[in-house]
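Shown next, in structure tokens, is the structure this report addresses.
Rule-based calculations on the coordinates, nothing more; no lab input. Remember, it's a predicted structure, so these values are computed and weren't measured experimentally. Please note: Cβ atoms are built from the backbone with ideal geometry, for glycine as well, and neighbour counts cover all protein chains shown.
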Amino acid sequence: MTKILKYVGNSVGITMEWALVLFVVVAFAIRTSPFQTFIAKQLASYLSSELNTTITIDKVDIVFFDRASIEGFTLMDQQNDTLACTPELMVTIEDFDIDENSFQLSEIKLKKGTVKIRKNKEGIMNYQFLVDYFSTDEPSSSPPLKLSISSLNLESIIFEYDDLSAKPIDFGLDFNHLRFNKLSVVLSDFDLTDERISLQVDKLVSQEKSGFKLNEFTSHVQIGPKGISLEKLFISLPESKLFSPYFRLSYNDWSSFDYFEDSVSFDAKFDASEVSFRDVSFWVPSLEGMNEKLKFKGDISDCVSKLKLNNLDVRLQKNTYLRGDFVLPDFRTEDLSSFKANVSSAFVDFYELDKIQLPKGNTKFNFNEIKDKIGFLDLKHVSCEGSTKRILLQANHVNTANGKIALNDQIEILSSGKSYKISSNNEMSLDLTAINLGKLAGDNNLGNLDGNLTFSETEIYEDGSFTIQNFKGNIPNLQLQGYTYRNIRIDAPIINEKEFIGKVEILDPNLKLVLNGDAHYKGKQHYNFQLDITHADMSKLGFVSDDSISLATKLDVDVSGRDFENLSGSISSSMSRVTQGLTNLELPKFELKIKRDRGTDDFNFNSDIATASIKGKIDYESVASQFVEDISLVFPSLALSNKKAKRNKASDVEFDIKLGNAESIFDLFIPELTINNGTKLSGSYHSKTKDIKLNLSSRLIAFDNILFDSVSLKQDISNAGISGFCKVKKFVYDSIEFDQLKFDNLGKNGLLESRLTWNLKGKDNSELAWTTMVIDQNDLRFTIKPS
């Protein structure tokens, strides 16, 4: 028994000695890199088999359990493509407590690593097999993870993400197919405690395969269950720089992101920053081709559905800018409700906007017309708020290169879907200063306009029709055809696209005028108004060159019809007075009756001065060229018409004029001229047959010391030639008298046969005949016949 006990004791002793030796050997071996690498490779081999993939580790080096280095780590996915690999990973541990699930790391370094995330066409990620292997349904009993990292340094990392079910795009950041090269990150003071993350981003740079490049990103970041905060944010891109003292998102919990527009609030401030559309186009590919740079600063607050932009200052190029406070509408709503804009000042230079490069494939905006007409837009103290159904607008200062506009009261714009109604609590008042109507309308006859316009209500319909009620205009200055008309007043209870009902009054030093009535100018037109001109200085107004002629008249106009071609009515005057110097001429009443339709025009003028009748149809656009061309048939070598006249419509007209008591007219304007009462002038023109007729009969026509007694004239021009005669019973020129003077003419094709006969007082009859050959406008050849 003693021997047995001794044997057992020796055996136990030897076993303990070998166990101690083995423990010492293992303790020393586990601290060596080859042994650590061997264990890691065995673990990698086991997991490779378990996960049906390939995991390799080239080398592991753990020093004093506070520093670990792994070299040559590779993890393949189950399709034998790289999931993650790194040539070198080093972790320095400061402290840890497994029971408390707490880890403090001094440093993590990763160089030249690669991470490739793939999603196949069925939507399964290439790392899903890892999630499935390590996940468990059993609830965790361990306390929440606490992790702090003093320094994290990732250098030259490649990150790829591919969604194989999505088609690649040609330009910009393709979020379904990403590849970031040379991704370098330096983080410090990373802390994860109770679902809160805090870290300092000291460096974040990368370049994506699309060409997008992030030169620098720095910020202090905090992420928690109630908010995300980026303090002292700085982002640098190739052509952009953003500075933000703070950029914060606040929410109730993570589920708020499912209702981002309403549940996540912004609180951010941007100092003077600059954004290039070229950089932005990588994020918004539809902007490809734009290269403009935008400078801005301002504050952002509230959620997206009612986002507030305060102290906003946006600048484009050299002159264009916008300053103010804005509340953006909820763009998901049809009426874009709760929109608000308070523009403290803004300047829009249309010459600068014309230079903006638009996105690729888009036609460049053409600002040529607006540049010439407006030039620039200068706004101050402009406010606008409401929705697409109701807008409140006030614009105290709107200045352009062609004048200034000021809306003195706030106006309300209501939309019914079919019309816009514009109104105000008071009368709407619009001040106009130096508005250049000539440039706006493209008419050099118009000049500057100054004035004030008021109206109670305006309604504009979707078909372009409109109604203005109680319109009043007070226009101190209006330039028209080189003259500045002063003190113009307009009072119109109704103005719309169909009619004008009201009164226009001009109290200019050189024009006193009142126009009162109504005009219906759409559909069946009807013009019914009274025009009372008490004084019009025709010379100062620029209508005549004589500096002493003035006019006063009262006109009644009542005409109606579908258009200018179909019109009937009358224009009459109850009083007219012409003054030249100290001479006053009272003109008798007159009436002009008009009747026009498709078939014929009928104009009849009745006055003590003259009566006139014109009947027929005139094509006013081509009658002049037709008339000249028809005369050219007789003398073709004159080439009076270079172009062939248009004859789409015929001009066939007859006229008959009988002179009455016109001595007072001639005495005022042509005192040397005398034409006897009852003188008749008649004729016709038929463009279809190219026939022109003219007839004149008068008992007396005299000019200065020349007298024609008993004149009778008849002249015909047609495609057959020219023929006519003129008879004068007595012709007197100073002391020379001719009796029975007669002139005959007959001709065609550039040859004109002429004969003049007379009975010289006290002598036999005399005759003179000649032939005229028309070579061209500068060459006329005469041949005198035996006489």
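What base-10 log of the normalised intensity I(q)/I(0) is obtained for the stretch 288-339 from the Debye formula, alpha carbons as equal point scatterers, at q = 0.29 Å⁻¹? At q = 0.29 Å⁻¹ the computed log10 ratios are -0.98. Separation of the stretch 94-161 from the stretch 355-425 is 55 Å, based on Cα centroids. Amide hydrogen proximity for Lys360: with H placed 1.01 Å from N in the peptide plane, the residues at 5 or more positions away or on another chain lying under 5 Å are Glu288, Gly289, Met290. The GluC sites (Glu not before Pro) found in the stretch 417-481 that occupy coil by DSSP, while having at most 15 further C-beta atoms within 10 Å, are Glu462. Peptides 477-488, 159-170 ranked from most to least packed give 477-488, 159-170, packing being the mean of other C-beta atoms within 10 angstrom over each peptide's residues.
The distance between label points at Tyr133 and Ser710 comes to 13.7 nm (points 7 Å beyond Cα on the Cα→Cβ vector).
Stretched out straight at 0.36 nm per residue, the stretch from Asn445 to Ser45 would grow longer than its current Cα-Cα span by 134.5 nm.
Step through the table entries Lys109/Lys182; Lys693/Lys727; Lys167/Lys203; Lys232/Lys269; Lys241/Lys293, compare each Cα-Cα distance with 21 Å, and write down the pairs that go over it. Provide the component values of the computation, followed by the final result.
Numbers: Lys109/Lys182 15 Å; Lys693/Lys727 16 Å; Lys167/Lys203 33 Å; Lys232/Lys269 10 Å; Lys241/Lys293 11 Å.
In this structure, Lys167/Lys203 exceed 21 Å between Cα atoms.
Need the C-alpha centroid separation for the stretch 432-467 versus the stretch 512-542, integer Å. Cα centroid to Cα centroid, the span is 19 Å.
On full extension of the chain, what length is gained from Phe234 through Glu195, given 0.36 nm per residue of separation minus the C-alpha to C-alpha distance? Walk me through the numbers before you get to the answer.
Working: separation 39, 0.36 × 39 = 14.04 nm, distance 2.56 nm.
So the chain would gain 11.5 nm between Phe234 and Glu195.
Between Trp254 and Ser165, the C-beta separation translates, for a Förster distance of 30 Å, into a calculated FRET efficiency of about 0.65. Could you sort out which of Lys380/Lys472; Lys297/Lys355; Lys589/Lys658; Lys306/Lys421 sit more than 22 Å apart by Cα distance in this structure? The pairs that break the limit, which is 22 Å between Cα atoms, are Lys380/Lys472; Lys297/Lys355; Lys306/Lys421. Only helical runs count toward this figure. For the chain, summing -39,500 (n - 2.57) over DSSP H runs of n ≥ 4 and dividing by all residues gives -3500 deg cm²/dmol at 222 nm. In summary, the aspartates and glutamates within cross-link reach of Lys213, defined as a Cα separation below 13 angstrom excluding same-chain residues under 8 places away, comprise Glu239, Asp279.
Once both labels are positioned 7 Å from their Cα atoms along Cα-to-Cβ, the gap between Leu358 and Asn765 label points is 8.4 nm.
What FRET efficiency would be calculated for the residue pair Phe466, Arg577, taking the C-beta separation as r and a Förster radius of 41 Å, to the nearest 0.05? If you can, show how the numbers build up before the last one.
Values: r = 40 Å, r/R0 = 0.98.
Efficiency, rounded to the nearest 0.05: 0.55.
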